[in-house]
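Just so it is clear, none of the values below were taken in a lab; they were calculated from the coordinates. All values derive from a computational prediction rather than experimental measurement. Note that we place each Cβ from the backbone using ideal geometry, even for glycine, and neighbour counts take in every protein chain shown.
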Amino acid sequence: MRNWLGKTIARKLLLAFFLVFAVTYLITSLIVQNAVRIAVTEAELNSLSQLAQLKLNDFNATFKEWNVNLNAWAKLDVMNDIPSGDLDGRIQKTLQTLKQDYQLNGDLYVFDAANHLIASSQDQRRVAVLPDAWQAQGGVRFINKHTDPLDGDDVAAMVTPIHAAFAVDYQLGTLVLAYHWGAVNDALPEQALLLFHQDAGIIAPRLPEPQANLKAHSGSINLMGSAMAADVPKDSLSELAHLKGLIQMGSATYLGSSALQNEGMLAGWEVVMLRDPTSLYQTVRNVDYQLATLGLILSLPLFFAIRWLAGLLTTPLRQLTKFVAEIADAKDLSRRLEIHANNEIGMLANDFNEMAARLERGTKAHRIAETRLRATIDNALDAVVQISSEGIVTGWNEQAIDVFGWTESEAIGKPLYELVIPPQCREEYFARIQHALIPGSVDIRSTHVEQISAHRDGHEFPAEWAITTIEVEGSYELCAFIRDITHKKETEELIWKQANYDKLTGLPNRHLFHNRLEQEVKKAHRTQTQMALLFIDLDHFKEVNDTLGHDMGDLLLVEASQRLAYCVRETDAVSRLGGDEFTVILTGIDNVQSVERITQCVLKSLSEPFRLRDEIAYISASIGVTFYPNDADNVDDMLKSADQAMYVAKNLGRNQASYYTAALQADAQARRLLINDLRDALAAKQFVLHFQPIIDLATGRIHKTEALIRWQHPTRGLVGPAEFILLAEETGLINEMGDWVFKEAARWAKRWSEQFTPDFKMSINVSPVQFLSSEHSCEAWDAYLREIGLAGQHIIVEITETLLLKATSSVTDKLLKFRDAGIQVAIDDFGTGHSSLSYLRKFDIDYLKIDKSFVDNIGSNANDLILSEAIIVMAHKLGLMVVAEGVETEAQRKLLSDAGCDCAQGYLFSKPVPPEALEALLKASVREVT
């Protein structure tokens, strides 16, 4: 018996069956016992509820009687004395009589219309005001338990308005019955526990004798099994309302039941009743004794039945246990259990065999997956390193050997930082690893960082680490994919260098220059120091490029950049903006002399010969200098200031430095304003033509005139071309302006040729910039002449001598198109350039205009006279006519006429005049001839 009980499953089965029997029997007994208790209790509770309801009915009848009486008392004739303030005391006496006759357990009060107390059933008068709680609201109003505002006692009040007999709608005052609450409390039955109101809470607490009051025993009350705290206020015992069941008070237990008033003035009142249930429950205890005896009798045969059943079940289970132990010892999942039972044990054996088969398949799949993962890691392009939470290497693939130089056996078990992290980078590494091991600090994806790493041989290299946090059995490990990014960094550095440095000279380019200038300006502002900017443009570089070729030009730029670097300090920055433009940022300037030394060094260095292989080239430099913060306080203004100063240096003859001044700023401002005005001038029709007559020296007749543009500025008056032609060329407005001049001049030429002389010719200046522009169209001019009906022979186009030196295909084509259209061509300012005679023949030039600089001195300078005579002779030999410009004296006219000059123009004959004035001159010229 002892051995059998010692077997685990058998013992558990026995205990389980006995437990089931005991619980089942106990539950059944409790159900029976509870049913008996419920039946007895329910009957008693119903009796208590009926008693409580009777008491509520008594209360209700009493208050109804008060209601009727109060209405009647409010209509007594004596109440008409209210307006007089009850001076004779009749109302006071009436109230005292009513209290005595009706044996009222309370007091009566009368208030006038102003809510002042004028009479009461008490013996002495007093001054009081009708409380807000006692205000009448139409009819008789019942006020539940509350504190009397006048006496401070607990009362229940009834309030009714008092109306005048002579006017029912007129309220004289208010009648109040304040009923002492002690009378309500005393009227409760002996078994009553409390009177409760659903809105006001407990309004009349009592306890069964011999207890004194409810509040004193609140701590010993157990309501439906839950104790109430001893320090709770009395009103918190409202939990006892609606009671129907057991209540324990101190050492005594009672049955409690209640009744609720649902209508009338006492709606919401509830009376709770108690009764000692001791005698009622004796029957229940007798049933308990009988059930216990029956349970003991039934337990003995059940014990032996369970013993036999347990033995029947445990035999195959012992076989299963033995088989499982054998599989665990041999670790052979291919074995199967041989139990053929058509019951749950047989099903368990089959399930175990199926589980073993699944485990066998899963183990095999796991081994295959592990093999594949190992192969993937070993053949990965990145080094794959597994690290424990202590930072110890637990995994090391083949690529890690190549990246770091350590074999797997050397790395496993070692701290990773000792193998691959340089000493100066370990603090940063520790912080990253510690952060990665904090749960929730990273997600399942990798965290990418750049980490300086070290090879076994000691050389350091940049590496990209992708660190993934892995949770393993409640702790965290790391898997790091590491890639050597040395080549990537070198490529990025090369790209950055190409984006920020000039490929030819190796100097910072425009982009990097702007960044550095911004940084230096901020630094100078922060440190309150001065800095300077040199803007350098190489003079005559284009000529070297055009004559010696671009390869030589590149060699010159490289040599020039080296000379610039030699002239500046280590703290200064030389940059190439592009082409032949360079800049130098000079920082920490103490005085102007230091800048002057550097600029002079640059000028001297760049003016020395450049040996370009077998050639020697000469250039110079024009330098613009500006200072921060004296000349400009931001990057853009510094660049503008330096650029303006550089152009001044060029205009002054080049090979020099020019410092930015306030005058330059004023000139620049005026120039900007003039450009803005110039853009609006054409649309506003502010341009006009003046005409200077060209005189035939042989006859004195006017048969040609030169059209000269003037700007009728709205504020500056008449502006000459010297002030705005260059601006028009720079801004591109020269094309539109030149077309307007041509059309306007052609229109006047047509008029005057028809009005005065059929061979009249109009000479029109064409800017070299306009002539070389792709927007200039000879065909458009020819089409306009045909449109207005003017032959090309009436037009002379004046071009500069320098255009012939640029005898590109475009220049050649346009000159030939002029010739084909019948338009004649004149070379303006002839003698100041270097045009070849072959060009004059090639392009079929019609006129040469001797420059004014020769004409000015022909009377005093024999050389100028000789040159003028030579030009005239040469031109006539080539079939060209000659026009002398700037003739201002009669002596000049005579010398030119004697030399054979064909025509002349100048102030001797007429200054440029408006068209109306020229018409007068033409009329006079025609009269003189005729």
For this session: Can you find, among Leu718, Gly700, Leu865, the residue farthest towards the positive end of the dipole of region 676-929? Put +1 on the C-beta of Lys and Arg, -1 on that of Asp and Glu.
Result: Gly700
Exercise. Dipole magnitude of region 501-660 about its Cα centre, charges +1 at Lys/Arg Cβ and -1 at Asp/Glu Cβ only, in debye to the nearest 20?
Worked result: 340 debye
Seminar exercise, completed: So the compactness index of region 150-193, its C-alpha Rg divided by 2.2 N^0.38 Å, takes the value 1.76
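Mind giving me the FRET efficiency for Val592 and Asn634? R0 is 30 Å, r the Cβ-Cβ distance, nearest 0.05 is fine. Write out the running numbers ahead of the final one.
Details: r = 21 Å, r/R0 = 0.71.
Result of the calculation: an efficiency of 0.90.
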Exercise. According to the square roots a ≥ b ≥ c of the eigenvalues of the Cα gyration tensor, what is the shape class of region 549-651, taking rounded for a/c under 1.5, prolate for a/b larger than b/c otherwise, and oblate for the remainder?
Worked result: prolate
Problem set entry | Amide proton proximity set for His116, modelled H, under 5 Å, gap of 5+ | Leu130
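At a Förster radius of 60 Å, what calculated FRET efficiency corresponds to the Cβ-Cβ distance of Thr97 and Val32, to the nearest 0.05? Walk me through the intermediate numbers first.
Working: r = 66 Å, r/R0 = 1.11.
E(calc), rounded to 0.05, equals 0.35.
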Exercise. In terms of Cα to Cα distance under 17 Å, which lysines are near enough to Lys93, apart from those fewer than 8 places away along the same chain?
Worked result: Lys75
Exercise. Could you give the length gained on full extension between Asp820 and Glu736, defined as 0.36 nm per residue of separation minus the Cα-Cα distance, in nm?
Worked result: 27.9 nm
Problem set entry | Residues Glu570 and Leu878, FRET efficiency given R0 of 51 Å [Cβ-Cβ distance, rounded to 0.05] | 0.20
Seminar exercise, completed: Along the dipole axis of region 501-660 (charges at Cβ: +1 for Lys and Arg, -1 for Asp and Glu; origin at the Cα centre), the most positive-end residue among Leu586, Phe627, Ala524 is Ala524
Exercise. What full-extension length gain, to one decimal in nm, is calculated for Leu381 and Glu427 as 0.36 nm per residue of separation minus the Cα-Cα distance?
Worked result: 13.8 nm
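Arrange the following residues from fewest to most other Cβ atoms within 10 Å of their Cβ: Tyr907, Tyr254, Tyr628. Write out the running numbers ahead of the final one.
On the way: Tyr907 12, Tyr254 20, Tyr628 26.
By the 10 Å Cβ count, ascending: Tyr907, Tyr254, Tyr628.
In this model, which of Lys650/Lys842; Lys704/Lys842; Lys542/Lys704; Lys640/Lys817; Lys145/Lys244 are farther than 32 Å apart at the alpha-carbon? Kindly include the intermediate steps, with their values, before the conclusion.
Details: Lys650/Lys842 34 Å; Lys704/Lys842 25 Å; Lys542/Lys704 40 Å; Lys640/Lys817 42 Å; Lys145/Lys244 24 Å.
As for pairs spanning more than 32 Å Cα to Cα, those are Lys650/Lys842; Lys542/Lys704; Lys640/Lys817.
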For this session: Can you put Ile598, Ile297 in order of Cβ neighbours within 10 angstrom, beginning with the fewest?
Result: Ile297, Ile598
Exercise. In terms of Cα to Cα distance under 18 Å, which aspartates and glutamates are near enough to Lys503, apart from those fewer than 8 places away along the same chain?
Worked result: Glu490, Glu492, Glu493, Asp551, Asp554, Glu559, Asp580, Glu581
For this session: Just subtract the alpha-carbon distance of Asp58 and Ala114 from 0.36 nm times their residue separation and send over the number in nm, one decimal.
Result: 16.5 nm
Problem set entry | region 676-929: relative contact order as a whole-number percent, Cα under 8 Å and 6+ apart | 20 percent
Problem set entry | All lysines inside 28 Å of Lys364 as judged from Cα atoms, apart from same-chain residues fewer than 8 positions distant | Lys322, Lys331
For this session: Assuming a ≥ b ≥ c are the square roots of the Cα gyration tensor eigenvalues, decide whether region 676-929 counts as rounded (a/c under 1.5), prolate (otherwise, with a/b larger than b/c) or oblate.
Result: rounded
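As a quick test, which of the pairs Lys814/Lys923; Lys852/Lys923; Lys489/Lys604; Lys497/Lys523; Lys761/Lys814; Lys743/Lys852 have an alpha carbon distance above 30 angstrom in this structure? Each step should come with its number before you reach the end.
Details: Lys814/Lys923 35 Å; Lys852/Lys923 28 Å; Lys489/Lys604 42 Å; Lys497/Lys523 24 Å; Lys761/Lys814 20 Å; Lys743/Lys852 27 Å.
Too far apart for the 30 Å limit: Lys814/Lys923; Lys489/Lys604.
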Seminar exercise, completed: By the C-alpha gyration tensor axes a ≥ b ≥ c (rounded if a/c is under 1.5, else prolate when a/b exceeds b/c, else oblate), the shape of region 817-930 is oblate
For this session: Please give, to one decimal in nm, the separation of the simple spin-label points placed at Arg786 and Gln712, each 7 Å out from Cα toward the Cβ.
Result: 3.4 nm
